[in-house]
1. Report the FRET efficiency, 1/(1 + (r/R0)^6), for GLU55 and GLU87, where r is their Cβ-Cβ distance and R0 is 45 Å, rounded to 0.05.
2. Hey, got a sec? Which GluC sites (Glu not before Pro) in the range 35-93 land in a DSSP loop and have at most 14 other Cβ atoms within 10 Å?
3. Give me the distance in nm between label points sitting 7 Å out from Cα along the Cα-to-Cβ direction at PHE221 and ALA76, one decimal.
4. Which values of log₁₀ I(q)/I(0), to two decimal places, follow from the Debye formula for the range 125-230 at q = 0.11, 0.23 Å⁻¹ with a uniform point scatterer at every Cα?
5. Just the ratio, please: alpha-carbon radius of gyration of the range 21-70 over 2.2 N^0.38 Å, N its number of residues.
6. Report, in deg cm²/dmol and to the nearest 500, the calculated mean residue ellipticity at 222 nm for the chain, where each DSSP H run with n ≥ 4 adds -39500 (n - 2.57) and the sum is divided by the residue count.
7. Kindly identify the chain as rounded, prolate or oblate by the Cα gyration tensor criterion: order the square roots of the eigenvalues as a ≥ b ≥ c, call it rounded if a/c is under 1.5, otherwise compare a/b with b/c, prolate if a/b is larger, else oblate.
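Derivation of every value follows stated rules applied to the coordinates shown; laboratory data play no part. Bear in mind the structure is a predicted one, so any value in this text is a computation, not a measurement. Note that each Cβ is placed from the backbone with ideal geometry, even for glycine, and that neighbours are counted across all protein chains shown.
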Amino acid sequence: MWSELVVTPLFGVALTLVVYLLAQHLYRRVGSVWANPVLVSIVTIILLLKGSGVEYRDYARGGDIILFLLGPSVVALAVPLYQRREEIWQRKRPILIGIFAGSLASIFSACGLAWILGGSREIILSLAPKSVTTPIAISIVEKIGGVAPLTAAIVVLTGCLGAVCGPEFCRRIGVTSPVATGLAVGTAAHGVGTARMFEVDRLSGAVAGLAIGLNGLMTTFLLPILMAFSGF
């Protein structure tokens, strides 16, 4: 019975939802950014799969369904963005410049570090879209020749770290503007960071949601151009 259940998509979906709901409950009780529900869920599911001996490919049958839903969830961020459209439009120029700079910084920092450490071409290309939301990042990597599973893991890790450290880091370096903070965290940490910004400030969350889409768009255009110029 158990072996038949784990190979169905229902297993992956149910496990993910149950673990995430419990992680949310823990987050509300603890109140610490280090208890981020996404981060806790990832660690918990890994431990459960390892402890039970369930193969990742079996879990992924349901996990892929949830991954598919990431696309519509990103589109849904347009609602708070529309509600704050006038405030955002007034700052359109610095927002576009900031996202462009953030996209370049993300690509160069990831690829540069991988190159310095002796990473292969596949590894370097897999890390390039680390700050882009998962569906877009995987699409990019499949086109440029990276490793999609590695990209997905790095993207999620980047989002978790950005959500945990991003707002506090901005505060410590003197960035107090809700727009600037949301822009930075949304550009660097995509959906996970954006969810965190909605907890901090609605305007920050709306700007972070905008940053997800624009950073994905810019990275999609910039990567092929940078690869052509570098001869990579």
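1. 0.40
2. Taking the range 35-93 and a limit of 14 other Cβ atoms within 10 Å, the loop GluC sites (Glu not before Pro) found are GLU55.
3. Simple spin-label model gives 2.9 nm for this pair.
4. -0.33, -1.08
5. 1.29
6. Details: 12 runs with 195 residues, N = 232.
The helix-only estimate for the chain comes to -28000 deg cm²/dmol at 222 nm.
7. oblate
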